[in-house]
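See below for the structure under consideration.
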Amino acid sequence: MLIVTLINLIAVILVYISRNERYKFLFEVSIVLLICFYGIRYNYGNDYSAYLQMFNEINSYSSVTYSTDSHGIERGWLFLNRLFAPSGFFTLVFLLTILQFTSIYILIKKYVNNNNRYLALFIYLFTSGLMLTMLSMMRQCLAMSLVLLSIPFIINKKFWFSIPLIYLAAQFHQSAYMLLLLPISVLLQKLRPKTYYFSFIIIFILLFVSSNSLHNLMGYTIETYFEKYMYHFESDRNLQLGSGIGFMFSLVFFCAIVLSDKHFDTYQSWFMKMTAISYMFIPLGFITPLIGRVGTYFSVLAPIGIPNFFKYSKGKFIPSVICALYLLNLLYTYFQFFYSDIFRHGYSQFHTILGTTWK
């Protein structure tokens, strides 16, 4: 935990310094630092060993049929594992790390004001459900990175570029098929402010109070169409119960970012709406974190949207208090992540392919 936190802090500090025009190159230096550090990780994260075993099994076959049904793995991931057979699994991990940090770098560089980029990177690195878990869930991380690359095309309404990218993402993780509807999100910009405020807040509350009914419906859907994920649905049912205070804070912050929407320009408003949608998946996480994984496609856009709210909050007492509480909650959940029963084993020590180990 210590070395990971230190590297993350150094990266954020470098981006903070890059606000000075003379040192603007330090933003790129910070991304290279993160790629080099996390790119040489070994057995870091809950799923690393499973992906390594999968890589070895796939490449032990004399031939592979590129069908999801034949191996229970998306065909894109099958192909990628076969493609990297000569260079090895470590090369594949390094490539995924490059794509992961490059995709978020492009969005921060393009859509976040230079003075707030350090905050965007801070949120990305210290939100436990983003960068850290993405290092582990490699297939979905790859899918999320491709979806991030499609965002500029969606915002500019160049759907003939965005849709193929999202479809490609779905070849590595089937959850990305749901993101084929993401281009429709530009229509949210046409909602009247009051319609947007009331509809989003009411939907958020209804998702929470109807969790039992939704649990039964989702259980049937997953068992019928996504049977291989049923184990996770059943075993994770109670993981998030008991986090009422966290939920209430999420509701307050959700309302704050929704109600502040009118203060942002078109693309900033779009990112804020996507951030709001990511919070709608929190009540669904009470049903099963498996559904919450779909929400990560929207959560990863929060580092782009939330700095806009921080900028808006300057000089305003209540929004500033909400921002301070947001940062405290973010840091609290970050450090709790390393001590949780679920993630402690996979993240307690940072191993590298060079044979070194840090705590």
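Structure notes:
- Principal axis dimensions, the range 267-359 - Cα atoms, whole angstrom, descending: 48, 31, 24
- Summing charges over neighbours of P183, with a neighbour being any other residue whose Cβ is under 13 Å away from its Cβ, gives +2 when K and R count +1 and D and E count -1.
- Sequence-distant residues sharing a close amide H with T352 (under 5 Å, placed H): Y42
- Rg/Rg_globular for the range 54-191, with Rg_globular taken as 2.2 N^0.38 Å and Rg from C-alpha atoms: 1.17
- Net length gained if the chain between L206 and A85 were fully extended (0.36 nm per residue, minus Cα distance): 38.7 nm
- Fewest-first ranking of W160, W358, W270, using other Cβ atoms within 10 Å as the exposure measure: W160, W358, W270
- Estimated distance in nm for a label pair at E21 and N56, the labels positioned 7 Å out from Cα along Cα-to-Cβ: 5.6 nm
- Maximal additional length on extending the L2-T333 stretch stands at 117.6 nm, based on 0.36 nm per residue less the C-alpha distance.
All of the numbers you see were taken from the coordinates with simple rules; none came from a lab. For clarity, every value in this text was computed on a predicted model and none was experimentally measured. FYI the Cβ positions are ideal-geometry reconstructions off the backbone, even for glycines, and counts take in every protein chain you see.
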